[in-house]
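Everything on this sheet refers to the single structure shown next.
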Amino acid sequence: MKIYGTMVSPYVRKVRVVLCEKGIACSFEILNVMEPNCPVIGHNPLGKIPVMVLDNGFEIFDSRVIVEYIDTVSAGSRLLPVDPLERAEVRRCEALADGVVEAGSLVRVETSRAPELRNQAQIDRQMGKLNRGLGAMSNQIGDKSWCCLEEFTLADVAFVCSLGWICFRFPQLDWRLIHPRLAEYYARLSGRSSFEATAPSENPALPAGTSRMVPLVTTLGMPE
């Protein structure tokens with residue numbers, strides 16, 4: 001079983017965290033997704049990461065599909081509840097966290113352009129989504145220990161991966177001062193072994209058309 005992705009992507013990290021929480025060993029191949037001949041295209045026609053390739057060759061893509069598959073086939077406690085309403089609550093939080101990342105990604109696309117080519121209206125619109133999303137995440141946490149229910153779920157995985165990416169890509173944002181309860185929640189959960197082992201970092205420099213196999217996580221085992 002193998003995961004294709006990058007060290008930075010919060011969607012890839014979500015999958016890596018779930019595998020770590022479940023104690024499942026898996027190969028992790030780092031790709032340069034901007035390369036025209038990136039190998040991931042051979043596994044996902046959309047060219048997006050993460051992609052999971054099972055031992056029988058079956059390919060699964062989109063982080064939400066992958067984590068649901070892992071959670072369904074693995075033993076131990078579930079990260080996705082069985083109850084339909086509780087499951088919808090967890091999935092809603094996952095969608096919120098992923099949406100914050102999506103908005104931030106669109107901001108990065110615009111700000112990477114030459115100043116005279118940037119669409120400031122688009123930047124402002126997406127930053128509005130990002131900031132409202134952080135506010136909604138803070139309201140969701142409130143004074144609770146966990147995002148949903150009374151236990152660690154996929155919602156917590158998605159929240160921490162999203163916030164970790166925001167910290168990595170938007171270090172100038174003062175969201176911790178604006179949302180102190182969310183900041184406390186993030187700091188507390190970031191100490192969990194699965195999050196420590198998968199913290200975002202720059203991808204290693206890869207020659208054109210190549211990839212690199214690395215350990216899935218620094219330490220693979222059951223959560224604390």
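The values are calculated or read from the model by the stated rules, or taken from the named source; none is laboratory data. In this text, all values refer to a predicted model and were calculated from it rather than measured experimentally. Cβ sites come from the backbone with ideal geometry, for glycine too, and all protein chains shown count toward neighbours.
Does GLU184 fit the bill of being in a loop (DSSP other than H, G, I, E, B), among the charged types (D, E, K, R) and either out of contact with any strand residue (DSSP E or B) (no Cβ under 6 Å at 6 or more places or on another chain) or modelled with pLDDT under 95 (or both)? In short, no.
Is it the case, given these coordinates, that ARG16 is in the same structural domain as PHE152 (by TED's automatic domain parsing), basic (Lys, Arg) and out of contact with any helix residue (DSSP H, G or I) (no Cβ under 7 Å at 6 or more places or on another chain)? When the stated conditions are applied, ARG16 does not pass them.
Table: residues versus (1) free of Cβ contacts under 8 Å to residues at least 60 places away in the same chain; (2) outside the structural domain of ILE166 (by TED's automatic domain parsing); (3) closer than 19 Å to ALA25 by Cα.
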site: ASP55; (1), (2), (3): yes, yes, yes
site: PHE61; (1), (2), (3): yes, yes, yes
site: VAL101; (1), (2), (3): no, no, no
site: GLU116; (1), (2), (3): yes, no, no
site: ASN119; (1), (2), (3): yes, no, no
site: LEU130; (1), (2), (3): yes, no, no
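Scanning region 94-111 for residues that are among the hydrophobic types (A, V, I, L, M, F, W, C) and either in contact with a Gly (Cβ under 7 Å, 6 or more places away or on another chain) or not in a helix (DSSP H, G or I) (or both) gives LEU96, VAL100, ALA103.
Can you pull out every residue in region 140-180 that is in contact (Cβ under 8 Å) with a residue 40 or more places away in the chain, exposed (fewer than 14 other Cβ atoms within 10 Å of the Cβ) and part of a helix (DSSP H, G or I)? Scanning region 140-180 gives a single hit, ILE178. In this entry, ASP71 passes the filter for residues that are in contact (Cβ under 8 Å) with a residue 60 or more places away in the chain and assigned to a helix (DSSP H, G or I). Candidates in region 189-202 are the residues that are touching a residue at least 40 places away in the same chain (Cβ under 8 Å) and in a helix (DSSP H, G or I); of these, the one that is surrounded by the fewest Cβ atoms within 10 Å (Cβ to Cβ) is SER193.
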